[in-house]
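Report on one structure; see the data block that follows.
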Protein chains: 2
Amino acid sequence: METRAHIVEAADRLFYENGFEHTSFAAIADAVGISRGNFYYHFKTKDEILTAVLAARSSRTREMLAEWERDESSPADRVRRFVEIVVANQVDIESYGCPVGTLTSELAKLGHPARPHAVGLFELFRTWLCRQFEELGFTAEADDFAMHVLAFSQGVAALSNAFHDGEFVQREVDRLDAWLADRLAGRSSEHPRH
Amino acid sequence: METRAHIVEAADRLFYENGFEHTSFAAIADAVGISRGNFYYHFKTKDEILTAVLAARSSRTREMLAEWERDESSPADRVRRFVEIVVANQVDIESYGCPVGTLTSELAKLGHPARPHAVGLFELFRTWLCRQFEELGFTAEADDFAMHVLAFSQGVAALSNAFHDGEFVQREVDRLDAWLADRLAGRSSEHPRH
DNA sequence: GTCTATATCGGGATAGAC
DNA sequence: GTCTATCCCGATATAGAC
């Protein structure tokens, strides 16, 4: 039982670092410390383990978003918390890019049936961000703003991965924070709080 | 002689659509209409053809940027021309993402020695955009602005690939155009807007 | 320059012993 | 549940004929 969780954990990391297709069963088995034969007792096909990894990432993401919702009292701070990911995960992103974006892109090129499942990870962030903006009073623009923040994260991650430039990342974070502050400033004049 | 060019052309397209690692020699040979054996007369290793594809993309990009410089008289229009790529190439981007971003990301995960060569494609756009902003009078912020526009393109491409949403793309293009207009309006003023 | 045939290797997947 | 041994296939790469 515990072995299965170990496999998913190792595969999750290897898929992120080396890509889904490039990661062999041997590499996963090696990382866990079991034989290839034993591996097949837990997962019959490579797609099966991909499904398990996606499910694990999905529940981990849900937990993280719920945690942010508990930690940060204001929706604006929650959005800022999301924006900060590119700084908090900077080391990994510089080496391997965004876990969601790179996997979605790879599965798209492979024409893999699990692609929508990977897009579902994007949707978790999208709807969560959307809700934050709705709570801030942006009923009409909430999804537009959510997608804008999501696009920010993907753009910064892609170039952080290409150029390894921490100052660029910080400048973009500051820029988005300023954009957010502008939205909030414009809103309170037209839609005063409570 | 012409066969070599055909191979590079086919490989370029297949690397973009299906990814570098996923593309087999057989698939390239098939697309060109030659046998696998003949293939090795022109390219000895897979890395060799990748180098040729990167060189082809590099010269094609240089030509495109030079063309934009001839077509558009003002630097601002040239930047807008770049921004419009995500609309002009929307169909391909929805299916395969950005050719530069996805290849750079894949080579990073593979730990491939040609990765810096792929990053060089980003640098072509970066320095070109930087020069446009310099010509607009932004000496200090030119590279910052260039990277911001580049990040925009990567973010939009990634989410366009994930969600296939043309309206999102247009909204982001409009948003960046507005940002650019603000920069241009504030440039000669002492109190620039955000 | 182009072909067919083939060597070699790695990875996904299975069988069966313990 | 875990192991070793093995099958099978696809992919890189080579040899040599035409």
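The values are calculated or read from the model by the stated rules, or taken from the named source; none is laboratory data. Since this is a predicted model, take the numbers as computed values, not measurements. As a convention, Cβ positions derive from the backbone with ideal geometry for all residues, glycine included, and neighbour counts pool all protein chains shown.
The single condition among (1) within 14 Å of chain B (Cβ to nearest Cβ); (2) of a type outside the set (D, E); (3) within 16 Å of DNA strand C (Cβ to nearest atom); (4) at negative phi that A:V86 does not satisfy is (3). Taking first residues from the stretch A:103-114 that are within 7 Å of chain B (Cβ to nearest Cβ) and over 12 Å from A:F15 (Cβ atoms) and partners that are hydroxyl-bearing (S, T, Y) and buried (at least 21 other Cβ atoms within 10 Å of the Cβ), the Cβ contacts under 6 Å between residues at least 6 apart in sequence or on separate chains come to A:S105/B:T102. For the stretch B:41-62, the set of residues classified as free of Cβ contacts under 8 Å to residues at least 12 places away in the same chain and either within 16 Å of DNA strand C (Cβ to nearest atom) or within 14 Å of chain A (Cβ to nearest Cβ) (or both) consists of B:Y41, B:K44, B:T45, B:E48, listed by residue number.
The residues of the stretch B:97-121 that are in contact with a Ser or Thr (Cβ under 7 Å, 6 or more places away or on another chain), within 15 Å of B:Q154 (Cα to Cα) and not in a loop (DSSP other than H, G, I, E, B), listed by number, are B:T102, B:S105, B:A118, B:V119, B:L121. Here the condition is being under 22 Å from A:E17 (Cβ atoms) and among the hydrophobic types (A, V, I, L, M, F, W, C); of A:V83, A:V79, A:V87, it holds for A:V87 alone. In the stretch A:85-117, the residue that is nearest to A:A55 (Cα to Cα) out of those that are buried (at least 19 other Cβ atoms within 10 Å of the Cβ) and among the hydroxyl-bearing types (S, T, Y) is A:T104.
Being more than 9 Å from chain B (Cβ to nearest Cβ), over 24 Å from B:G97 (Cβ atoms) and surrounded by fewer than 17 Cβ atoms within 10 Å (Cβ to Cβ) is a description that does not apply to A:Q132. Only a single item in (1) buried (at least 16 other Cβ atoms within 10 Å of the Cβ); (2) away from DNA strand D (no atom under 16 Å from the Cβ); (3) over 16 Å from the mean Cα position of the chain (by Cα) is not met by A:Y16, and it is number (3). Does B:F25 satisfy being within 14 Å of chain A (Cβ to nearest Cβ) and either surrounded by 13 or more Cβ atoms within 10 Å (Cβ to Cβ) or near DNA strand D (Cβ under 9 Å from one of its atoms) (or both)? No, not satisfied. Test A:F82 against the criterion of being buried (at least 20 other Cβ atoms within 10 Å of the Cβ), of a type outside the set (S, T, Y) and under 15 Å from the mean Cα position of the chain (by Cα), and give yes or no. Yes; evaluated as a whole, the condition is true for this residue. Scanning the stretch A:28-59 for residues that are more than 20 Å from A:R115 (Cα to Cα) and away from DNA strand D (no atom under 16 Å from the Cβ) yields no hits at all.
Residues that are touching a residue at least 12 places away in the same chain (Cβ under 8 Å), surrounded by fewer than 17 Cβ atoms within 10 Å (Cβ to Cβ) and among the β-branched types (V, I, T) occur at least once in the stretch B:118-128.
From B:R187, B:R193, which residue is modelled with pLDDT under 95 and either within 10 Å of another protein chain (Cβ to nearest Cβ) or within 30 Å of A:A118 (Cα to Cα) (or both)? Just a single option satisfies the conditions, and that option is B:R193. Here A:I34 passes the criteria (1) within 15 Å of DNA strand C (Cβ to nearest atom); (2) surrounded by 15 or more Cβ atoms within 10 Å (Cβ to Cβ); (3) part of a helix (DSSP H, G or I) except the one numbered (3).
Confirm whether A:E21 is under 30 Å from B:I93 (Cα atoms), within 16 Å of DNA strand C (Cβ to nearest atom), touching a helix residue (DSSP H, G or I) at 6+ places or on another chain (Cβ under 9 Å) and not hydrophobic (A, V, I, L, M, F, W, C).
yes
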